[in-house]
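Structure, as structure tokens:
The values are calculated or read from the model by the stated rules, or taken from the named source; none is laboratory data. This structure is a prediction, so every number in the text was calculated from the model and none was measured. We place every Cβ from the backbone using ideal geometry, glycine too, and count neighbours over all the protein chains shown. Calculation scope for accessible area: heavy atoms of the full protein, side chains included, ligands and nucleic acids excluded. Shrake-Rupley method; radii C 1.70, N 1.55, O 1.52, S 1.80 Å.
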Amino acid sequence: MTPDHSLICHTGWAYWPIAFIARLPFAMMTVGVLMLVVAVTGSVRLGGLTSAAVGVGVVVAGPLIGDLVDRHGQRRVLVPVGLANGILLALFPLVVTGRMPEGVVLATALLIGLTAPQAAAMSRSRLLAIIAARLAPERRAVTTNRIMSYESAADETAFVIGPFLVGILAALIAPWAPIAIAAALSFGFVTAFALHPTARVAPGGPDGGSDRAPFRAVLSGRILVLVAATFGVGAFFGATLTSLTAFAQAHGDEAQAGLLYGLLGIGSAVLALGVVLLPRRFALRHRWLVFSAVLAATAVGYATAAGLGPVTVWLLVMGLGVGPTLVTLFSLAGERAPGGRAATTMTLLGSALTLAQALSSALTGWVAESVSLPAAMSLPAIAAALVLAFGGVNLVLEKRGRAGNTEPATVSIRFSAPAAARTLDV
């Protein structure tokens, strides 16, 4: 097909709502699992552990799913994975409300994580493949920057809508309703996303094997620092969600936590979309430092908030740092991933995000019950400080690379044109 300036002409308009709604089960499951367990058992500790089990499953299966997608294509992998995830989500409320032993609850949550389809990572790698294969070389860098901003904003919006739906459905219907709705969305929209015609363009299958980098290439320092920072962002999410749950429970209504958590994503989604307006001379390595510093400073404010009003304000302001930070991390991942390993790289970051969110939820739940609520509310600031620290590590790695004249020539989405690689904002 002749290269065209418009990405939408290659995806079709229907792709975008399908890809967005396919993210919601993933965005709802961690919050929904936590809140359902807390509502039924009254234990923030068990809720955090259950959420952690989901995260462990995601991190174990995520890179494997990414590798299978890079080898065999998204359709062959996502269809069975999405169906299995829908079944497990549908069974989970029965397991919890049936007062099954904790081991059974945790095992079911682990299986939910193992089958998490990670539509967001798949959408990123799919769109990057379309950009590389179908757009004119001079349009690739600009389009990639815009798509990474959109994808991160879509993630943030999903993180807003997901917890909001969890809170609303739990309050209006029952605590099990959010998980049941997530199961229905997984059956319908994850399958529709997997079967969409754009899946044919994504790399994978026997035709793409000859130029696919080995898996060990994904484990380079320049990518692992992104994984570590994304882990920090996930820890921030988990600590914020669980400390908010404990805060809401202390104020007599744990269902309120989903609504409060949604406030975090409002500023985050707006700023994530606004990243495309930043000048190109504001390099990604510097954006990482600036916005993670904003995140750390506002998280300190959240930790010191004493009432509902201040907590609400700080949640809105914290979003101004987290959205652009995520855009930056995934943009750098899009540039740095080895040839033919876009899905593997994106799922590795996505797995780190979810694992950290779950483990942080478990730790924060324990701190809230065994230490104090103020101690639990201080954990997001520690996570944000880690993201900032890894930004400093990234700056050192880039300086060493330039000093040694070892700047990599590969670009994750397999941009073959050297001119396109040179225009990327590193």
Can you give me the accessible area per residue for region 291-355, using a 1.4 Å probe, in Å²? 21 Å²
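So what is the accessible area of region 12-152 per residue, in Å², with the probe set to 1.4 Å? Walk me through the intermediate numbers first.
Numbers: 4450 Å² over 141 residues.
I get 32 Å² per residue for this part.
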For region 79-86, just list the computed ³J(HN,Hα) in residue order, Karplus coefficients 6.51, -1.76 and 1.60, θ = phi - 60°, integers in Hz, with x standing in for Gly and Pro. 4, x, 5, x, 5, 5, 5, x
How much of the accessible area of region 1-147, in percent, comes from carbon and sulfur atoms when a 1.4 Å probe is used? 68 percent
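Taking the Cβ of L224 as the centre, find all other residues whose Cβ is under 13 Å away and add up their charges (Lys, Arg: +1; Asp, Glu: -1).
Values: positive: R216, R222, R336; negative: none.
It works out to a net charge of +3.
Expressed in nm to one decimal, what extension gain is obtained for the pair A184 and H251 from 0.36 nm per residue of sequence separation less their Cα-Cα distance?
Values: separation 67, 0.36 × 67 = 24.12 nm, distance 3.20 nm.
Fully extending the segment from A184 to H251 adds 20.9 nm.
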Just add up the charged neighbours of L388: K/R +1, D/E -1, any other residue whose Cβ is under 15 Å from the Cβ of L388. +2
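Would you mind putting 316-323, 79-86, 179-186, 235-242 in packing order, based on average other-beta-carbon counts within 10 Å, highest first?
On the way: 316-323: 24.4, 79-86: 20.2, 179-186: 22.9, 235-242: 30.0.
With the highest mean Cβ count within 10 Å placed first, the list reads 235-242, 316-323, 179-186, 79-86.
What does the highest-first list of 307-313, 116-122, 371-377, 67-73 look like by mean Cβ count within 10 Å? Don't skip to the end; give the middle numbers.
Details: 307-313: 13.3, 116-122: 28.7, 371-377: 17.3, 67-73: 21.9.
Result, highest mean Cβ count within 10 Å first: 116-122, 67-73, 371-377, 307-313.
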